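Let me begin by presenting the structure, written as structure tokens, before commenting on it.
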Amino acid sequence: MLEDECWIDLPMTDRPIPLTARRNGPLKGHIRVPGDKSISIRALILGSLAVGETRISGLLEGQDVLNTAQTLRMLGASLDRQGGGKWLVRGVGVCGFAEPKAALDFGNSGTGCRLMLGAVAGCPVTATFDGDASLRKRPMRRVLEPLERMGARTVNSTDGRLPLTLAGARDPMPIIFRPPVPSAQLKSAALLAGLSAPGETVVIEAEATRDHTEKMLSHFGADVRVEPDEPHGAGRRITLTGQPELVPAPIVVPADPSSAAFPLIAALLTPGSDLIIGGVMMNPLRTGLLTTLGEMGALVEQLEMRKEGGEDVADLRVRPGALRGVEVPAERAPSMIDEYPVLAVAAAFAEGTTVMRGLKELRVKESDRLAATADLLRANGVSAEIQGDDLVVHGKGRAAGGGMVTTHMDHRIAMAAVVLGIASDRPVQIDDGTFIATSFPGFVELMRSVGADLS
């Protein structure tokens, strides 16, 4: 499938659309998955905070990104969708957002909502943040705490959840912020708010998380320093000098490694497959899944390493092979937090037990993703249990399938269940496939194009 082809997918509707996946022979072809969601959302936000025109290509046009784009328009930025993943953004400058006339609706996007809380917190405007039923359940208190220290105020919120109204700081203050958990979203929200504050805003991470915000801030001309957090050494200290004039800079969005995980593991588990996934981002803070699959014995080759949009990318060639159970350390979680549901599917087809440690953050994703992952495996004959914050999967080299999976409005649970159905003895059904489009528009048609049987 060509990068600039039109995506075809299950439509986003108010009624559920069930989906069934079944075994159908090898998966073969050369594909490119949509652009990285994390980079797409950050490109739109920082382009809107720059002065002038930013051109973006390869943007993910999933519902999460489109919802974020619409909120930026409501705040006064101009975002022109030109087709084929190409966008032109005319920014308003740091502190330049206008007060919106209606609530900012982020749909299902936790990333868009949390980063935009930071972007708005440093501006002297008041805005109401809202989302769908799933996003309204997700905690925002941890994001709001540093923003309130910087001078923003939260009003009309129940227990820090949406809908909430945020009054941005009139005179934002720089802070030193130590996120209570490893989270790129918490870090990014504080840094985006720090753009409006004089002096230096500092974020100190106990564990390094994905660094797209720091890289992109530098790309747009901000003064950002990233140093080891001495004397501990395991974390990082990020220092941002506030009140820069961000300079427009073109962005090429690489393919999303979290989205690539689904066809990749489907090919690993399907005999006779030979699949190439083009232009996948290889940022070392996003490659925990590939490290883990390598330990399990997977055959994944990295071809034609190169740079796109300031990030390392490679084509991945995937062929099936025998997998073995492993222990995945908790410190690897930040580099693969979105890939655990589909890794659990791979673990079901490995020989032996796989233990995935330190998955507390999965409980506050689009669903309780830890419980939902265990449920989707057990519904299809796989032995799995949750021990504290760890997920334990007892692999037997195969899965019976035949179950119905409740997705809880979670796109990654839905796609993981599809991968399970492609490789299982019997078909796997999911209750609703509509939410897949939030992060992976065209998923169904792309999987069909390489040989999957989805109906």
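Every number in this text was worked out from the coordinates using simple rules, so none of it is lab data. Computed from a prediction, not measured in an experiment: that's the story for all the values here. Cβ placement follows ideal geometry from the backbone for every residue including glycine, while neighbour counts extend to all protein chains displayed.
Results, tabulated for the structure shown:
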read-out	value
Distribution of pairwise C-alpha distances over the chain, 20 Å bins, in %	27, 58, 15, 0
Theoretical FRET efficiency, 1/(1+(r/R0)^6), r = Cβ-Cβ of Ala133 and Gln70, R0 25 Å, to 0.05	0.85
Anisotropy class of the stretch 299-455 from Cα gyration tensor, a/c 1.5 cut	rounded
Cα-centre dipole for the chain with unit charges at Cβ (Lys and Arg positive, Asp and Glu negative), debye to 20	420
Options Ala417, Gly288, Asn24, ranked by Cα towards positive dipole end of the chain, top entry (Cβ charges)	Ala417
Full-stretch length increase - Glu53, Asp431 - with 0.36 nm per residue and alpha-carbon distance subtracted	131.8 nm
Proximal charge balance of Gly388 [Cβ under 15 Å; K/R count +1, D/E count -1]	-3
Under Karplus coefficients 6.51, -1.76 and 1.60, residue-wise ³J(HN,Hα) of the stretch 422-436 in Hz, glycine/proline x	4, 9, 7, 5, 10, x, 10, 9, 10, 6, 7, x, 5, 6, 4
FRET efficiency for Arg170 and Ala234, using Cβ-Cβ distance with R0 set to 35 Å, rounded to 0.05	0.40
Between the stretch 340-383 and the stretch 130-171, the Cα center-to-center distance that results, in Å	30
Net length gained if the chain between Glu148 and Ala206 were fully extended (0.36 nm per residue, minus Cα distance)	18.7 nm
Cα→Cβ-extended label distance, 7 Å offset, between Met404 and Asn156, nm	4.0
Angle in degrees between helix 37-49 and the longest Cα principal axis of the chain, rounded to the nearest 10	10
Computed [θ] at 222 nm, helices only, for the chain once each DSSP H run of length n ≥ 4 contributes -39500 (n - 2.57)	-8500 deg cm²/dmol
Other-chain or far-sequence residues with amide H under 5 Å of Ser383's (modelled H)	His394
Lysine pairs meeting the criterion (Cα under 19 Å, 8 or more apart or interchain), as found in the chain	12
Point-charge dipole on Cβ atoms (K/R +1, D/E -1) for the stretch 37-252, about Cα centre, debye to 20	420
